[in-house]
1. Pick from region 32-45 the residues that are out of contact with any strand residue (DSSP E or B) (no Cβ under 8 Å at 6 or more places or on another chain) and open to solvent by 100 Å² or more (accessible area, probe 1.4 Å): which of them is modelled with the highest pLDDT?
2. Sort out which residues of region 6-30 are polar (S, T, N, Q), at pLDDT 95 or above and either over 17 Å from the mean Cα position of the chain (by Cα) or on the phi > 0 side of the Ramachandran plot (or both), and write them in order of number.
3. Being of a type in the set (D, E, K, R) and either surrounded by 12 or more Cβ atoms within 10 Å (Cβ to Cβ) or not in a loop (DSSP other than H, G, I, E, B) (or both) is the filter here; which residues of region 9-31 pass it?
4. Hey, residue 6 hits all of (1) surrounded by fewer than 11 Cβ atoms within 10 Å (Cβ to Cβ); (2) part of a loop (DSSP other than H, G, I, E, B) but one; which does it fall short on?
Amino acid sequence: MLILSRKRGERVCLTLEDDVIWLSVESIGSNSVKLGIHAPSNVDVFREELALKLEERERWTQKSDTTKTR
(Lines give C-alpha, C1' and ligand atoms only; values in the text may rest on other atoms or scores of the structure.)
Protein backbone atom coordinates (compact mmCIF):
# COMPACT_ATOMS: atom_id res chain seq x y z
CA MET A 1 0.00 0.00 0.00
CA LEU A 2 1.26 3.44 -0.91
CA ILE A 3 0.40 6.22 1.54
CA LEU A 4 0.61 9.79 0.30
CA SER A 5 0.12 13.13 2.00
CA ARG A 6 -1.83 15.68 -0.06
CA LYS A 7 -3.12 19.14 0.75
CA ARG A 8 -6.46 20.55 -0.39
CA GLY A 9 -6.35 21.12 -4.13
CA GLU A 10 -3.49 18.68 -4.76
CA ARG A 11 -3.96 15.64 -6.99
CA VAL A 12 -2.73 12.09 -7.53
CA CYS A 13 -2.68 10.40 -10.94
CA LEU A 14 -3.32 6.68 -11.43
CA THR A 15 -2.81 4.92 -14.74
CA LEU A 16 -4.08 1.53 -15.80
CA GLU A 17 -3.22 0.52 -19.34
CA ASP A 18 -4.60 3.42 -21.42
CA ASP A 19 -6.81 4.88 -18.67
CA VAL A 20 -5.78 7.85 -16.55
CA ILE A 21 -7.60 8.53 -13.28
CA TRP A 22 -7.10 11.72 -11.26
CA LEU A 23 -7.87 11.92 -7.54
CA SER A 24 -8.01 15.38 -6.03
CA VAL A 25 -8.42 16.47 -2.41
CA GLU A 26 -11.43 18.78 -2.47
CA SER A 27 -11.83 19.46 1.23
CA ILE A 28 -10.56 18.25 4.58
CA GLY A 29 -12.84 18.14 7.61
CA SER A 30 -12.28 17.15 11.20
CA ASN A 31 -13.09 13.51 10.51
CA SER A 32 -13.36 13.19 6.72
CA VAL A 33 -11.75 14.00 3.41
CA LYS A 34 -13.73 14.76 0.25
CA LEU A 35 -12.10 13.40 -2.89
CA GLY A 36 -12.82 14.35 -6.46
CA ILE A 37 -12.39 11.55 -8.97
CA HIS A 38 -11.93 12.22 -12.67
CA ALA A 39 -12.00 8.95 -14.60
CA PRO A 40 -12.95 7.85 -18.13
CA SER A 41 -16.54 6.65 -18.55
CA ASN A 42 -15.35 3.06 -19.03
CA VAL A 43 -13.85 3.00 -15.50
CA ASP A 44 -16.26 2.10 -12.68
CA VAL A 45 -15.75 3.99 -9.42
CA PHE A 46 -17.40 2.67 -6.25
CA ARG A 47 -17.21 3.38 -2.54
CA GLU A 48 -15.75 0.39 -0.70
CA GLU A 49 -19.02 -0.65 0.96
CA LEU A 50 -20.84 -0.71 -2.39
CA ALA A 51 -18.02 -2.60 -4.12
CA LEU A 52 -18.15 -5.26 -1.39
CA LYS A 53 -21.94 -5.62 -1.82
CA LEU A 54 -21.53 -5.96 -5.58
CA GLU A 55 -18.84 -8.64 -5.12
CA GLU A 56 -21.09 -10.53 -2.71
CA ARG A 57 -24.02 -10.32 -5.14
CA GLU A 58 -21.80 -11.56 -7.99
CA ARG A 59 -20.60 -14.54 -5.90
CA TRP A 60 -24.19 -15.37 -4.92
CA THR A 61 -25.34 -15.14 -8.55
CA GLN A 62 -22.50 -17.41 -9.74
CA LYS A 63 -23.24 -19.91 -6.96
CA SER A 64 -26.94 -19.82 -7.82
CA ASP A 65 -26.20 -20.37 -11.52
CA THR A 66 -24.01 -23.42 -10.83
CA THR A 67 -26.70 -24.96 -8.61
CA LYS A 68 -29.30 -24.56 -11.35
CA THR A 69 -27.16 -26.45 -13.85
CA ARG A 70 -26.81 -29.50 -11.61
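The values are calculated or read from the model by the stated rules, or taken from the named source; none is laboratory data. The structure presented is a predicted model; accordingly, all values stated were derived computationally and were not measured. All Cβ positions, glycine included, derive from the backbone under ideal geometry; neighbour counts span all protein chains shown. Just so you know, the surface numbers come from the protein's heavy atoms only, side chains and all, with ligands and any DNA or RNA stripped out. Shrake-Rupley method; radii C 1.70, N 1.55, O 1.52, S 1.80 Å.
1. Restricting attention to region 32-45, the residues satisfying the condition of being out of contact with any strand residue (DSSP E or B) (no Cβ under 8 Å at 6 or more places or on another chain) are 32, 41, 44.
Then drop every residue that is not open to solvent by 100 Å² or more (accessible area, probe 1.4 Å), which leaves 41, 44.
Details: 41: 95, 44: 91.
Among residues in region 32-45 that are out of contact with any strand residue (DSSP E or B) (no Cβ under 8 Å at 6 or more places or on another chain) and open to solvent by 100 Å² or more (accessible area, probe 1.4 Å), the one modelled with the highest pLDDT is 41.
2. Selection gives 27 alone.
3. Of all residues in region 9-31, those of a type in the set (D, E, K, R) come to 10-11, 17-19, 26.
Answer for region 9-31, where residues must be of a type in the set (D, E, K, R) and either surrounded by 12 or more Cβ atoms within 10 Å (Cβ to Cβ) or not in a loop (DSSP other than H, G, I, E, B) (or both): 11, 19, 26.
4. (1)
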